[in-house]
1. With r defined as the distance between the Cβ atoms of ILE192 and ASN62 and R0 fixed at 25 Å, what FRET efficiency is calculated, to the nearest 0.05?
2. Keeping all protein chains in position, work out how much accessible area SER111 exposes to a 1.4 Å probe, and write it in Å² to the nearest 10.
3. Output the 0 to 90 degree angle, nearest 10, between the alpha-carbon long axis of helix 133-144 and the longest principal axis computed from the alpha carbons of the chain.
4. Amide H of GLN81: which non-local residues (sequence gap of 5 or more, or other chain) have their own amide H closer than 5 Å, using H built in the peptide plane?
5. Can you give the accessible area of LYS198, probe radius 1.4 Å, in Å² rounded to 10?
6. What size of dipole, in debye to the nearest 20, comes out for the range 164-223 about its Cα centre when the only charges are +1 on Lys and Arg C-beta atoms and -1 on Asp and Glu C-beta atoms?
7. Can you tell me what share of the DSSP beta bridges in the chain is antiparallel? A percent to the nearest 5 is fine.
8. Alpha carbon centre of the range 212-249 versus the range 15-60: separation in Å?
Amino acid sequence: MLKRLYSTNLNKYSSIITQSNQSGPAQAMLHALNLNKNDIIKPHIGIGSVWYESNPCNSHLNILSQKVKKCFNDKDLTAFQFNSVGVSDGISMGTFGMQYSLLSRELIADSFETICSAHHYDGLIGIPGCDKNLPGILIAMCRLNRPSFIIYGGAMKPNLFNNKELDIVSAFESYGELKSGKINEEEYQKTIENSCNKQCGACSGLYTANTMASIFEVMGITPTNSSSNPANSLEKFIEIDDSYKIMKNLLKENIRPSNILTKESFINGIKMLYATGGSTNAIIHLLAIAKSINVNLS
């Protein structure tokens, strides 16, 4: 009965490896993951984050990914977590490492596309945290064109120090203050040590990550308020609670990125960019995303 139930368009990709006798070895490997027969024949959903430890924009994404995974426990969809590499502009800026920044967008796009295609995921949830993460994941979603959406990792909250709110902008500005003699070396070091909140999250300014998150929300590829719910906040965890419901609806209605990312959607995103005065990097990213989904954007 379960086999008939799930032999629908909900698992049209995963059924290639889960419901054919010729794919017995693939099924054997899935059983090795402690999945039973019923789990294996359910639609398979990828939960992809850009988690790695050496960047505060990304170091908390494994927590969010695990919480998304819990939403699928004991449900009629089987979810698998994975992650990819990333590059922090804030850490690599002004060094040779910055030459890898834009390239990381393509690495992220390629890695997400690779695992989702090779492992036949029926749907994809992306969890980005830093600048090139967001367009990289969305480019992959456009190429795959399977039911997908993005949960933004969230921005870093300001850090309170000496009754003053500090953020990454404070770190940038403090160097100028040091060079001009407005603060001494000790004050500069204290600012650097306390500019970023230890709870992590994307840089708390209207840089590329928050710009793209705001644009993606009005374009319709993230849940409502995803761009403004702070990292590791109660609001962000409540947002995550809807993951299963959103994915099930996308699968049931066969709603794909090509249905969401229309020319009008891109125009709305551009309006948000202009209205907020966001990062000019949005231009190169929107052009790349539009090309991936065959929308004529110049």
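The values are calculated or read from the model by the stated rules, or taken from the named source; none is laboratory data. Here the structure is a predicted model, which is why all the values come from computation and not from measurement. Here the Cβ is made from the backbone with ideal geometry for all residues, glycine too, and neighbour counts use every protein chain on show. Note: areas computed on protein heavy atoms with side chains; ligands, DNA, RNA excluded. Shrake-Rupley method; radii C 1.70, N 1.55, O 1.52, S 1.80 Å.
1. On the way: r = 26 Å, r/R0 = 1.05.
Given R0 = 25 Å and the Cβ-Cβ separation, E is 0.45.
2. Near enough 40 Å² of accessible area.
3. Once rounded, the angle reads 20 degrees.
4. ILE47
5. Accessible area of LYS198: about 150 Å².
6. Using only the charged Cβ atoms, the result is roughly 80 debye.
7. Values: 3 of 18 bridges.
Around 15 percent of the beta bridges assigned by DSSP in the chain are antiparallel ones.
8. The range 212-249 and the range 15-60 have Cα centres spaced 23 Å from each other.
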